[in-house]
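Presented below is the structure to which this report refers.
The numbers here are math on the coordinates, done by the rules we state, and not lab data. Computed from a predicted structure; not experimentally measured. Cβ atoms come from the backbone with ideal geometry, glycine included; neighbour counts cover every protein chain shown.
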Amino acid sequence: MASSKPLDVVVVGGSIAGLTAGIRLKRAGHNVTVLEQSTDSLRAGSAAGVSLRVHSKQIMQDSDRLKHLPIGIPNHTISLLDMATLFKKRDMVVDAIATSWEAIYYRLRANFDAFESVYCPAPPALLADEGQGVFRTGQQVTSVTAAADKSVRVNFTDVQTGLIESHSPDYVIIADGAHSSLRASLLPSLRREEPGYCTWRGVVPTANLSADFLERFEGRTNAFMMDRSYIIMYTMPGGDGSLESGKRHMNLVWYYRYGSAEELQDILTSTDGYTHRTTLPKGKMRPEVWDRQKRIARQMVHPVVYEMVDKITEPFVSVVSSICCPQAAFFDDRVFLIGDALLQCQPNTAQGANFATHHAATLDKRMIIRDWERSVLAENQIARELSIAYGNFFLSGWGGALLAALRFIVCLIKVTGLRSWWKLLKMGILYGKSQSQ
């Protein structure tokens, strides 16, 4: 997307991938308009933690003009613990920062359009040689089409007023998330893969947890092994991004294999009777469903860990799935998919933010779009297969793990060639020093 003159770029979706792309392009002198469907710039996150890994850490280092302010909690090890005894089996070396979606979103907004928030009350001043950055809320993009002259047109509607608009930019970047309607129109035959388990999630302020619990677990990432199930628990910033002891949150993710489609449907049916497809948001869970899951937890987890389960007040559930697009560039290389719209891995390897930022940051560097597309698609395939292998190792026993490992090795050989796959695996092609979660 290199150009000697300022380009007019529309980004569909104002989350991590879209904002990263906007910042990088704006800093290169291009004019960027972000179209976001949410009606308010003040966004309430899902209470989910986010892990910054090798790509996302480097991109924040390169692009964040508030990088002198910590954004999360450095994490150098994951302690693998036996749930019955809390005995530490081993430590896994990682290189990550544990943070929250809100902390990243408001940091990126501060860099993109100097948006003020409690997370970033003093955003950096815009540079004189930057392009223009506009963030428009309440805009639902209904279609992206190509004309006979190879130009592209973005059609969108104001969700509050009903006003219909269209715009013909130089480029369009689609970053509207894992359930992208625009991706569905571009790749209608693409289907997601669901391995048959979900994640139960929730956060608890550290101020609400006992001294014994905090002494054991605060400030560290802990993985608790159970029979075909496991829990990840770690410390993340508080509700206003605070990293101070006593103001932070503990985050819990419980990977749990549901028994049947009927059980999953019951779990995803909210307090108002609506059955959600993939995620039951916080505040919508029926009390009897959470009480039932807590009874299961009481039988499976150590009493010290159960303290946190019991103190989660707004649990939410997500069905684990993955999707990997076979194509990233469309309409004569004027429309691009990035982030979760392009790749959604199973969450076991915690790579969502890593690839969202990686897709966005590399796109603005590449003069030859097909090279960019070929590169990201190869990395996406490897990342997806590795996340499936991790999930199967913890949740499907040795048989499922060996099958997934074989599938991963076949993918590596197919993507990188017979000579290169082992070298890449040893180097940790996507994760730096090691893998985790």
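Here is how the numbers come out for the structure above:
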quantity: Spin-label model distance (nm) - Arg216 vs Thr278, 7 Å beyond Cα toward Cβ; calculated: 3.5 nm
quantity: Inverse mean reciprocal Cα-Cα distance (Kirkwood Rh) of the range 105-179, Å; calculated: 14.8 Å
quantity: Nearest-20 debye value, the range 196-319 charge dipole, Cβ charges on Lys, Arg, Asp, Glu; calculated: 180 debye
quantity: Positive-end residue, the chain charge dipole about Cα centroid, Cβ charges, pick of Ser41, Tyr258, Val141; calculated: Tyr258
quantity: Rg followed by Dmax, in Å, when the range 103-260 is reduced to its Cα trace; calculated: 22.0, 68
quantity: Size-normalised alpha-carbon gyration radius of the range 240-380, reference 2.2 N^0.38 Å; calculated: 1.37
quantity: Filter on Lys284/Lys311; Lys89/Lys294; Lys88/Lys311; Lys26/Lys67; Lys5/Lys26 - keep pairs with C-alpha separation over 21 Å; calculated: Lys89/Lys294; Lys88/Lys311
quantity: Approximate spin-label separation Lys5-Asn208, in nm, with each point projected 7 Å along Cα-to-Cβ; calculated: 5.7 nm
quantity: Largest-first principal axis extents of the Cα set of the range 150-210 (Å); calculated: 61, 33, 23
quantity: Potential extension, Ser38-Leu403 segment - 0.36 nm per residue separation minus Cα distance; calculated: 127.3 nm
quantity: Peptide ranges 287-298, 104-115 listed from the most packed, as the mean C-beta count within 10 angstrom indicates; calculated: 104-115, 287-298
quantity: Fraction of alpha-carbon pairs over 24 Å apart in the range 196-319 - percent; calculated: 27 percent
quantity: Rounded to 10°, Cα long-axis angle of helix 352-363 versus longest principal axis of the chain; calculated: 20 degrees
quantity: Restricting the range 1-70 to trypsin sites (Lys or Arg not before Pro) in coil, as DSSP defines it, with at most 13 other Cβ within 10 Å; calculated: Lys67
quantity: Phi-based couplings in Hz for the range 312-325 (Karplus 6.51, -1.76, 1.60; Gly and Pro marked x); calculated: 6, 9, 10, x, 9, 10, 10, 6, 6, 7, 8, 8, 9, 6
quantity: Shape box of the chain [Cα atoms, principal axes, largest first, Å]; calculated: 65, 52, 45
quantity: At R0 = 35 Å, FRET efficiency that the Cβ-Cβ distance of Thr161 and Glu194 yields, to 0.05; calculated: 0.40
quantity: Total charge dipole magnitude, the range 63-202, about the Cα centre, Cβ charges on Lys, Arg, Asp, Glu only, Debye to nearest 20; calculated: 460 debye
quantity: Charge dipole magnitude, Cβ of K and R +1, D and E -1 - the chain, Cα centre, debye nearest 20; calculated: 1200 debye
quantity: Structure-based [θ]222 nm, the chain - -39500 (n - 2.57) summed over DSSP H runs of at least 4, per residue, nearest 500; calculated: -10000 deg cm²/dmol
quantity: Residue among Glu218, Glu385, Glu194 with the largest mean-square fluctuation in a Gaussian network model of the chain, springs linking Cα atoms under 10 Å; calculated: Glu194
quantity: Cα long-axis angle, helix 287-300 against the chain (0 to 90 degrees, to the nearest 10); calculated: 60 degrees
quantity: Distance histogram in 10 Å bins (all Cα pairs of the range 33-116, percent per bin); calculated: 15, 38, 28, 13, 6, 0
